[in-house]
1. Taking only Cα atoms and a 10 Å spring cutoff, compute GNM fluctuations for the chain and point out the largest among T298, T107, T124.
2. So how much slack lies between A172 and Y271, counting 0.36 nm per residue of separation and subtracting their Cα-Cα distance, in nm?
3. Mind scanning K3/K311; K104/K283; K91/K159 and naming the pairs with a C-alpha gap bigger than 27 Å?
4. Residues of segment 227-258 with backbone nitrogen within less than 14 Å of a virtual label 7 Å along the Cα-to-Cβ line of S291, please, listed as ranges.
5. Which stretch or stretches of segment 43-78 have amide N atoms under 17 Å from the point lying 7 Å from A9's Cα along the Cα→Cβ direction?
6. Over the Cα atoms of segment 163-202, what radius of gyration and what Dmax do you get, in Å?
7. In Å, what Rg and Dmax follow from the Cα atoms of the chain?
8. Using 1/(1 + (r/R0)^6) with R0 = 25 angstrom and r between the beta carbons of A21 and E123, what's the FRET efficiency to the nearest 0.05?
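Just so it is clear, none of the values below were taken in a lab; they were calculated from the coordinates. Everything quoted here is computed from the prediction, not taken from an experiment. Virtual Cβ from ideal backbone geometry, glycine too; neighbours counted across all protein chains shown.
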Amino acid sequence: MKKLINDPANVVSDALRGIAAAHPELRVDHENRIIFRGDAPVQGKVGLISGGGSGHEPLHGGFVGLGMLDAACAGEIFTSPVPDQMAAATKGVDGGAGVLHIVKNYTGDVMNFEMAGELAEAETGVQVATVVTNDDVAVEDSLYTAGRRGVGITVLLEKIAGAAAEERRPLAEVAEVARKVNANGRSMGLALTSCTVPAAGKPTFELSEAEMEVGIGIHGEPGRRRVPMAPANEIAEMLVSPILSDYDFTGGGGVIVFMNGMGATPLIELYVMYNEVANILGKAGIPIARSLVGPYITSLDMAGCSVTLLKADDEILRLWDAPVRTPGLRWGI
C-alpha cells in the first residue's frame, strides 16, 4: 500500500485538519468531526446537513458553503457517522426554520440520522425533515442497503436543495424540491480496479487487468456482473442503457448529466466517457441541459466512473444555476 498518510488510524482526523487549514471560510468541529459553513447557523434559512463515511471526497465536506450544505458529518472510512455527531450538526445549523437531513440509502446512515433527528428534536424542539437518496439502478439490495443505494444524485440534490434553502423557502418546500430531484434521477457505475482502505492495507476485491465490475457501489460493493474490459463506447452503453430502461427521460427540459470519477480515473478518460454518453442520449432524443464532469463522489483510489442522469425542468435548472461557493463546487459568485 502506497498512500500519502501518517498513521492509517488518523487519516480522517488529519484530513479534517487539512480542510480547516485550506478553507478558513469553513469551521471544523474536530471533536465531533463536523464541517460547518463559517456563518452557520443562518437565521431564517433551512439548514441542510448530510454526511457519511469518509473516503468519498469531496462528498460531503467539500460541498459545505453558500448554496449547498450548512454542515457535513465525517464518519470513519466507509463507516456512518454516529447519532451524536449528526445531532450536534443539526443543532449547530438550526437558524429557526428547521433542518433538512440528506441521507444516502445505506442502513447505518439511515438509522443513525433517524436517531439524530429524534435527539435534536427532543433536546431543542428543532423541526427535522429527512430525504433519502436511492438512485442506483444497479442492484435492488446490497451488503449495505435495503433497497437501492444512494449515489451520484446526492451531489445534484445537495446543490439544488441548497439553492432552494438560500431562497428562504420553508422546510416543507425545500424537502419537496429534494424529493423531486431524487425521484427524477438515476445512476449506474463501474469499477476498473478495487480501492484500498488504509486500515486494511490491501484491495477490497481483486480484478484482473482484463476485467471490470459493472454496477459497483461507492464502498466497493459488488455490482451486477464482472465482464471483460471493453472500449469506452461499449462501457457507456452498459451504464446508460439500464438507466434509460428504468425511467423516462424524454420530454421536459432535458437532463443534467453527471459524469463522475471514482477517485483514480483521469479527467481525459471521463471526457471520453462523457462524449459517448452524449452520443447515446442524442440518438435517444434526450437533450442535455447541463453537465458536471469530475471526481465528486469517489471511492478512495478506485478507478472507474458512474453516470447520473437527472430529468430537469425550469425550476431545477434555475436552482442548479444559482450561485454556489464551496470547496468542491463554485460558480455564479
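1. Of T298, T107, T124, the most mobile in the Gaussian network model is T124.
2. Answer, rounded to one decimal: 31.9 nm.
3. Going by Cα-Cα distance, K3/K311; K104/K283 fall outside the 27 Å limit.
4. Answer for this model: 255-258.
5. Residues passing the 17 Å test: 76-77.
6. 18.2, 47
7. Calculated on Cα positions, Rg and Dmax stand at 18.8, 56 Å.
8. For R0 = 25 Å, the calculated efficiency reads 0.20.
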